[in-house]
Every structure is written in C-alpha cells, then in structure tokens.
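Participant: Before we start, here is the structure in question, set down as structure tokens.
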Amino acid sequence: MKKDLYILGIETSCDETAVAIIKNGTEIVANVVASQIESHKRFGGVVPEIASRHHVEQMTITLEEALSQSKVTLDDIDAITVTEGPGLVGALLVGVNAAKALAFASGKPLVGVHHIAGHIYANRLIKEMEFPLLSLVVSGGHTELVLMEEHGSFKVIGETRDDAAGEAYDKVARTLNLPYPGGPHIDRLAHEGQPTIDLPRAWLEEGSYDFSFSGLKSAVINTLHNAEQKGKQIEPENLAASFQESVIDVLVTKTVKAAKQYKVKQVLVAGGVAANKGLRARLEQEFEGILDIELIIPPLALCTDNAAMIAAAGTVLYEKGKRSDLSMNANPGLDLEMQ
Ligand code: KG4
Ligand code: ZN
C-alpha cells in the first residue's frame with residue numbers, strides 16, 4: 001500500500017501568517033490562518049514593516065497550532081513547502097526563514113512555491129484537476145488568465161497591464177471611505193444598488209486576454225469629484241454596483257472566450273476577489289450553458305490567502321522532483337511560468 005504523503009505549507013507573503021498540513025495533495029488535516037487585517041485597517045492598507053513584525057510574532061505560534069490540530073508530528077511530514085514569492089519581501093522572508101530552519105532541523109526536503117500557483121491549487125482541495133484547464137486568478141496583486149496543460153505547468157495567456165482587480169476594488173473603496181480591505185464592502189454595497197452610472201470597460205486590442213483596471217478606477221474617482229463640485233449626490237450603492245458590473249463584465253467575457261478558444265475541461269477561479277458574490281454568480285450563470293466545461297470556485301476561506309493552497313501546490317512540485325536548498329531567498333518578482 002502506498003504511504004500517505006503529508007506536506008506542510010507556510011504562507012507569509014502579505015498580511016496573513018498561515019501554516020497548513022495536507023495529506024496526499026487534496027485533504028486538509030490542519031489549516032491555521034492568523035490574520036493581521038485589524039492592525040493594517042487604520043492605515044487603509046498593508047504597512048510592510050508592520051506585516052513583517054506580526055509574521056515574526058505569529059510564526060511559531062501558528063506552526064505549533066497547525067501541528068497540534070493535525071495530530072501528526074514533524075517526523076510524519078514528507079516536505080516543508082513555503083511561499084517563495086511574489087509578495088512583500090520582508091513578509092516573505094519570515095516564512096522562508098522559518099521553512100529553512102524547519103527543513104534544516106528536521107532533515108526534510110524544502111520546496112519553494114509561487115504564491116499564485118498556490119491560489120490556483122486551492123481548487124484541488126475541492127475537486128481533482130482535469131487538463132487542459134484555465135484559471136482566472138484575481139487577487140490583490142494579480143489578475144491573470146493561466147492555462148495549464150498538466151500539473152505544475154503554468155502558461156500566462158493574459159495579465160493586467162496596470163492595477164490588479166483587487167487593487168482597483170481597494171482603491172475605489174478608499175475613495176468611498178470604506179474600510180480596508182475594500183473588496184467585500186464594495187461587493188456588499190453593490191448588491192444594495194443598481195448599475196445606473198456609465199463606466200468604461202477596457203477590452204484592449206482584439207484577441208488580447210490582458211486586463212486594465214486603472215482607467216476604470218480613475219473614472220470612478222472622477223465621477224465622485226465631478227458630482228461633489230456640482231453639489232450633486234451620488235448614491236455609493238449605485239456607484240459600487242456600476243463599478244462591480246464593469247469589472248465583472250470584462251473578467252467574465254475574457255474568461256469565457258479563452259475557455260472556449262483553448263477547449264479547456266475546467267475553469268478554476270482563484271485569489272481573494274474570487275470571494276466576490278457578483279463574480280461567482282455571473283460565472284455560474286455563464287458556464288451553466290457550456291456543458292462540457294466544469295466551473296470550480298473554492299469556498300471563501302480558500303480564496304483568500306492561506307497555507308493549505310501552498311501545501312497543495314507544493315505537493316505537486318515535490319512529486320515532480322522540485323527541491324529548494326538552504327540558499328533559497330524570498331523573491332518578490334518570482335515568475336509563475338519558470339518555477
Ligand atoms: O488573494 P488575496 O487574499 O491576497 C493577495 O494575494 O493579494 O486577495 C486580497 C484581495 C483584496 O484586494 C480584497 O479587497 C479582495 O481580495 N477581496 C474582494 C472580496 N473579498 C476579498 N474583492 C471583491 N469582492 C470580495 N468579496
Ligand atoms: Zn494571495
């Protein structure tokens with residue numbers, strides 16, 4: 001009988017300190033996330049120095065908690081996997097050094113993982129992957145369409161040329177004086193309003209799967225300022241609904257088109273913005289009519305940053321023979337296609 005494979009994952013690329021253990025690539029046995037959102041809220045965004053400091057404080061506590069939840073010991077773990085990049089360098093360094101120390105002390109293999117590979121692999125904790133597949137990655141730092149022909153192979157067929165979708169959500173939320181992170185607040189407001197305000201959609205050149213959200217963000221800000229100057233009242237609910245509709249129109253149209261062009265079997269949604277209720281509903285509605293493509297969207301807790309997704313992607317890389325050594329460094333510019 002094949003021995004069970006236990007992989008430990010560590011994630012500290014932004015504002016969550018997370019440790020998870022997963023079994024055979026698909027089963028979560030522990031998943032601990034210590035969020036710092038409360039500490040960053042009053043600054044309206046993540047403050048890198050504060051993030052690093054919190055990661056240092058939380059790292060060992062989170063690790064101990066994950067091991068105690070899982071009821072396995074470090075001896076049972078087959079490999080230590082960790083987010084190597086992209087992300088905030090000081091934040092990444094805490095996880096990378098913890099993983100290296102753990103690997104060195106235990107003699108276990110070390111595997112560096114790309115953060116976005118993790119977001120995509122959160123889907124494997126829900127459903128086995130079938131190739132070719134397309135993943136729509138929408139997070140605070142990334143908006144990408146990623147084509148996968150097999151495990152561990154990533155081809156970026158479209159990406160944002162300026163702001164990421166989540167970044168646009170957070171900036172628009174800030175203009176509306178909503179707390180950080182703004183995405184969930186805009187999502188909630190959007191459901192209370194109507195898309196009555198005409199906002200642009202950046203389709204870009206014919207055939208391009210790239211995205212651009214900075215023009216839309218500026219249009220929202222201009223709409224608010226113009227109204228203010230004229231002493232007119234704009235309902236924030238309607239502005240949120242109009243902004244959300246514009247983002248979703250572009251994301252969903254390009255995803256459906258690419259899914260058909262590349263004849264994929266599955267479409268996976270990944271990243272924090274995948275928690276968006278409007279986006280989830282629209283994708284479900286569009287793909288319902290396309291019978292040979294299966295749409296998978298992870299539950300909310302697996303959409304935002306966590307370490308189970310890092311361990312899931314790490315399992316595949318480990319099985320493919322990837323090993324990192326103790327010279328591994330945090331790499332804020334790590335390339336998804338090269339790992
Ligand atoms: O993937 P993630 O947790 O962190 C990064 O790797 O960036 O994504 C965080 C982003 C934030 O910009 C947040 O505002 C956005 O995801 N977000 C949402 C929603 N929930 C989180 N955006 C829109 N609607 C939501 N419901
Ligand atoms: Zn993320």
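The values are calculated or read from the model by the stated rules, or taken from the named source; none is laboratory data. Note that this is a predicted model, so its numbers are computed, not measured. Backbone-built Cβ (ideal geometry, glycine too); neighbour counts: all protein chains shown. Heads up: the accessible areas ignore ligands, DNA and RNA and are worked out on the full protein's heavy atoms, side chains in. Shrake-Rupley method; radii C 1.70, N 1.55, O 1.52, S 1.80 Å.
Participant: Give 108/155; 41/217; 3/127; 3/320; 127/260; 2/127 a once-over and call out the pairs whose C-alpha atoms are over 25 Å from each other.
Facilitator: In this structure, 108/155 exceed 25 Å between Cα atoms.
Participant: Multiply the residue separation of residue 57 and residue 208 by 0.36 nm, subtract the distance between their alpha-carbon atoms, and state the gained length in nm to one decimal.
Facilitator: Contour length minus Cα-Cα distance gives 49.9 nm.
Participant: Using the Karplus equation 6.51 cos²θ - 1.76 cosθ + 1.60 (θ = phi - 60°), what ³J(HN,Hα) coupling, rounded to whole Hz, does each residue of region 236-251 give in order, writing x for Gly and Pro?
Facilitator: After applying 6.51 cos²θ - 1.76 cosθ + 1.60, I find x, 4, 6, 5, 4, 5, 5, 4, 4, 5, 5, 4, 5, 3, 5, 4 Hz.
Participant: Now for a separate question. Within region 20-63, which residues have the backbone N less than 20 Å from the label spot 7 Å out from residue 175 along Cα→beta-carbon, could you tell me?
Facilitator: Taking a point 7 Å out along Cα→Cβ of residue 175, the residues of region 20-63 whose backbone N falls under 20 Å are 44-46.
Participant: In debye, nearest 20: dipole of region 129-297 around its Cα centre with unit charges on the Cβ of K, R (+) and D, E (-)?
Facilitator: The calculation lands at about 260 debye.
Participant: Still on this model: Using unit Cβ charges (K, R positive; D, E negative) and no other charged atoms, how large, in debye to the nearest 20, is the dipole of the chain about its Cα centre?
Facilitator: Dipole of the chain, to the nearest 20 debye: 80 debye.
Participant: Applying the Karplus parametrisation 6.51 cos²θ - 1.76 cosθ + 1.60 with θ = phi - 60° to the phi angles of region 68-78, what ³J(HN,Hα) value in whole Hz is obtained for each residue in order, glycine and proline being reported as x?
Facilitator: Those phi angles translate into 6, 5, 7, 6, 9, 9, 4, 4, 7, 6, 8 Hz.
Participant: Helix-only estimate, please: 222 nm mean residue ellipticity of the chain, summing -39500 (n - 2.57) across DSSP H runs of length 4 or more and dividing by its residues, to the nearest 500.
Facilitator: -13500 deg cm²/dmol, from helical runs alone.
Participant: Once label points are set 7 Å from the Cα along Cα→Cβ at both residue 37 and residue 127, what is their separation, rounded to one decimal in nm?
Facilitator: Reported label-point gap for residue 37 and residue 127 is 2.6 nm.
Participant: Also, quick follow-up: Rounded to two decimals, what is Rg over Rh for region 245-327 when you use alpha-carbon atoms and the Kirkwood radius?
Facilitator: In region 245-327, Rg relative to Rh is 1.07.
Participant: Another question, if that's okay. Around residue 336, what is the net charge, scoring Lys/Arg as +1 and Asp/Glu as -1 over all other residues with Cβ under 12 Å from its Cβ?
Facilitator: Result for the neighbourhood of residue 336: -4.
Participant: How much of the calculated P(r) for the chain lies past 36 Å, in percent of all Cα pairs?
Facilitator: Pairs farther apart than 36 Å: 20 percent.
Participant: Turning to a different aspect of this structure: So if we plug the beta-carbon distance of residue 201 and residue 150 into 1/(1 + (r/R0)^6) with R0 = 25 Å, what FRET efficiency do we get, rounded to 0.05?
Facilitator: 0.15
Participant: Still on this structure, please answer the following. I'd like the distance between the alpha-carbon centres of region 270-284 and region 104-141, rounded to an integer number of Å.
Facilitator: 18 Å
Participant: What FRET efficiency, computed as 1/(1 + (r/R0)^6) with R0 = 25 Å and r the Cβ-Cβ distance, is obtained for residue 329 and residue 49, rounded to the nearest 0.05?
Facilitator: Efficiency, rounded to the nearest 0.05: 0.85.
Participant: Among 164, 236, 208, whose Cα projects farthest towards the positive end of the dipole of region 129-297, with charges put on the beta-carbon of Lys, Arg (+1) and Asp, Glu (-1)?
Facilitator: Going by the Cα projections, it comes out as 236.
Participant: Report, largest value first, the span of the C-alpha coordinates of region 32-146 along each principal axis, in whole Å.
Facilitator: Extents along the principal axes: 40, 38, 23 Å.
Participant: For residue 3, what accessible surface area do you get with a 1.4 Å probe? Give it in Å², rounded to 10.
Facilitator: Accessible area, nearest 10 Å²: 140 Å².
Participant: Using a Gaussian network for the chain with springs between C-alpha atoms less than 10 Å apart, which of these wobbles most: 159, 286, 130?
Facilitator: 286
Participant: Using all C-alpha to C-alpha distances in region 181-339, build P(r) with 5 Å bins and read off the rounded percent in each one.
Facilitator: In whole percents, the pair-distance histogram is 1, 7, 13, 16, 17, 15, 12, 9, 5, 3, 1, 1, 0.
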